[in-house]
Amino acid sequence: MSAGVAMSAGGVRFAPTAGQLRAIARSVPGLTLPSFAVDAPAPSHPAPSHPAPDVSPAAVDPRLLLALGLQDVADGIVQTVSWSPGEVVRRTIAVSGVVAASIGRRDTSSAAVTEATAATEVTASFDVALIPAVRVATELRDTVPACAGGRRSSAPRDIGMVASRAIVEATRHGDPVLVEEVAADLWVEQQAAALLQGFRSRQSSGYRVRCFDGRSGRCIAGDDWFGSEHGWRRLLLGLPEPRLHAPTQQQLLDATLTLAEASDDQIRDSLTWLTATLLRVIAR
């Protein structure tokens, strides 16, 4: 099987097709890939085709098999989703000892106009990389989408979930005085209320990251950033206690939102910190 391969000082990278990934998943016993790696979007105007034939594992580059198989035995997992106009990128990075493997999928959309219809066509491309574990932070930093206003930053502000819902409802009335009064009644800092109101504008870009202990499945750390014409905003949900499962309604009510304006550099610094936290936990 021939999958595009490129060597660099940072590791080895492959560019398999969707059909090749599905064929490998069918052919290698016990291999489980992320759902996004085996589910490709159906084209708007599909051409007659046949599924890629199963392949012998001996015919696949052993480095590609190692990168794909690492997902099942990883000590730590990093999952990211980023989006910007016309593009969504999903990525999973598995870390095991001194080596890491990244599987990514990039969905690119474009308008397709014919005499009869106007539709959006989605094209999926894939990449698989085998890299040293020390380069995980670099791999993550390179996936942050560009944001035109991503230079401003502010100190983080906390706001309770109940108070945030009240301010959102007040904001919908379009009366800034009402928002100030609601914030004052709930003992919410004006800066926190202003940051929350900033989410009213269209969020054209975003980046979500979660780090998991591969042995227990526990979420170790994570962050969410949303980009608009005003720059990046960080949104972090703080629950009262660590969890393995979905939070209860009471836990959500007791949760705290942390809001802040973030610069591009702060996001990349945060990704370095998240990676260091993951590596420290799985090294125990």
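General observations
- Exactly one residue out of 218, 165 is closer than 30 Å to residue 106 by Cα and open to solvent by 50 Å² or more (accessible area, probe 1.4 Å), and it is 218.
- Single condition residue 147 does not satisfy, out of (1) of a type in the set (A, V, I, L, M, F, W, C); (2) modelled with pLDDT of 80 or more; (3) in a loop (DSSP other than H, G, I, E, B): (2)
- Screening region 150-162 for residues that are in a loop (DSSP other than H, G, I, E, B) and open to solvent by 20 Å² or more (accessible area, probe 1.4 Å) and picking the one that is farthest from residue 258 (Cα to Cα) gives 151.
- When residues of region 78-98 are limited to those that are touching a Ser or Thr at 6+ places or on another chain (Cβ under 7 Å) and open to solvent by 50 Å² or more (accessible area, probe 1.4 Å), the one farthest from residue 64 (Cα to Cα): 85
- Evaluating residue 200 against the criteria (1) closer than 30 Å to residue 86 by Cα; (2) surrounded by 13 or more Cβ atoms within 10 Å (Cβ to Cβ); (3) at pLDDT below 80 leaves one unmet condition, (2).
- Residue list for region 168-193, filter: open to solvent by less than 70 Å² (accessible area, probe 1.4 Å) and closer than 30 Å to residue 265 by Cα: 168, 188, 192, 193
- Any chance residue 226 is open to solvent by 20 Å² or more (accessible area, probe 1.4 Å) and assigned to a strand (DSSP E or B): yes
- Within the option set 89, 95, being more than 16 Å from the chain's Cα centre (by Cα) and in a strand (DSSP E or B) holds for one residue only, 95.
- The selection criterion, being of a type in the set (A, V, I, L, M), under 27 Å from residue 5 (Cα atoms) and open to solvent by 10 Å² or more (accessible area, probe 1.4 Å), holds for residue 144.
The values are calculated or read from the model by the stated rules, or taken from the named source; none is laboratory data. Values in this document were obtained by computation on a predicted structure and should not be read as measured data. With ideal geometry, Cβ positions are generated from the backbone for all residues, glycine too; neighbour counts draw on all protein chains shown. Ligands, DNA and RNA are stripped out before the accessible areas are found, and what is left, the full protein with its side chains, is counted by its heavy atoms. Shrake-Rupley method; radii C 1.70, N 1.55, O 1.52, S 1.80 Å.
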